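Presented below is the structure to which this report refers.
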Amino acid sequence: MKRVIPFLLVFFLLSVPSLLASEQETAEMLLAWAAQTMEAMKEKGYDMQFVNPEAAGQIFYLKNQHYIQMEGTFSPGNAFFFLCADGRQAKSVGIQILDEAGNVVNEHVPGENHAVGVLEPERTGTYYIRIILLETTGVPAAHVGYVLLYVKTQ
């Protein structure tokens, strides 16, 4: 079963006991990482923002060595940053960004509990974002999430 929760809801649901600890930890890790990234970019003179502040990202429950693929239309003039992280039950997560033809245009498979994919489209088009759970701590599935940030480049 796949669980998808917009991040805005996570803020309100963090105290609900029925949430799995791993899901809560994943949300907390992603939000902290996004805040650190945004602050670091601000110090370098970039105004990094969430693409959609009301639903800045999602959390998925994935089986070991499986992925979820999303699609979106992206336009030139921006650099898009997909920050991906997992909770304590996952060891390794990766991300791939593919163009309309299915060619990998960016990939980050670090063998850690976080990854980042960057997309700077040369033309407006559909791109596919693959969040991959590469390895768990021995459990059959784990929570993985992402946030989407951007910086104007033009």
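Things worth noting here:
- Residue in the stretch 19-46 that is modelled with the lowest pLDDT, counting only those that are more than 16 Å from the chain's Cα centre (by Cα) and within 24 Å of residue 66 (Cβ to Cβ): 19
- Those residues of the stretch 105-140 which are surrounded by fewer than 18 Cβ atoms within 10 Å (Cβ to Cβ) and over 17 Å from the mean Cα position of the chain (by Cα), in sequence order: 122, 123, 124, 125, 126, 137, 138, 139, 140
- The set of residues from the stretch 111-154 being without any contact (Cβ under 8 Å) to a residue 60 or more places away in the chain and in contact with a Leu (Cβ under 9 Å, 6 or more places away or on another chain) comprises 111, 115, 116, 117, 127, 128.
- Against the conditions (1) within 27 Å of residue 25 (Cα to Cα); (2) surrounded by 16 or more Cβ atoms within 10 Å (Cβ to Cβ); (3) out of contact with any Ser or Thr (no Cβ under 9 Å at 6 or more places or on another chain), residue 143 satisfies every one except (3).
- When we screen 95, 59, 68 for residues that are touching a helix residue (DSSP H, G or I) at 6+ places or on another chain (Cβ under 9 Å), among the β-branched types (Val, Ile, Thr) and assigned to a strand (DSSP E or B), the only hit is 59.
- All positions within the stretch 71-92 that are touching an Asp or Glu at 6+ places or on another chain (Cβ under 8 Å) and either surrounded by fewer than 18 Cβ atoms within 10 Å (Cβ to Cβ) or at pLDDT 85 or above (or both): 76, 78, 79, 80, 88, 91, 92
- Pair list, Cβ under 9 Å, 6 or more apart: the stretch 41-70 residue free of Cβ contacts under 8 Å to residues at least 12 places away in the same chain and surrounded by fewer than 17 Cβ atoms within 10 Å (Cβ to Cβ), other residue in a loop (DSSP other than H, G, I, E, B) and not small (Gly, Ala, Ser): 42/48
The values are calculated or read from the model by the stated rules, or taken from the named source; none is laboratory data. Quick caveat, the model's predicted, so the values are computed rather than measured. Cβ coordinates were reconstructed from backbone atoms using ideal geometry, including for glycine residues, and neighbour counts include every protein chain displayed.
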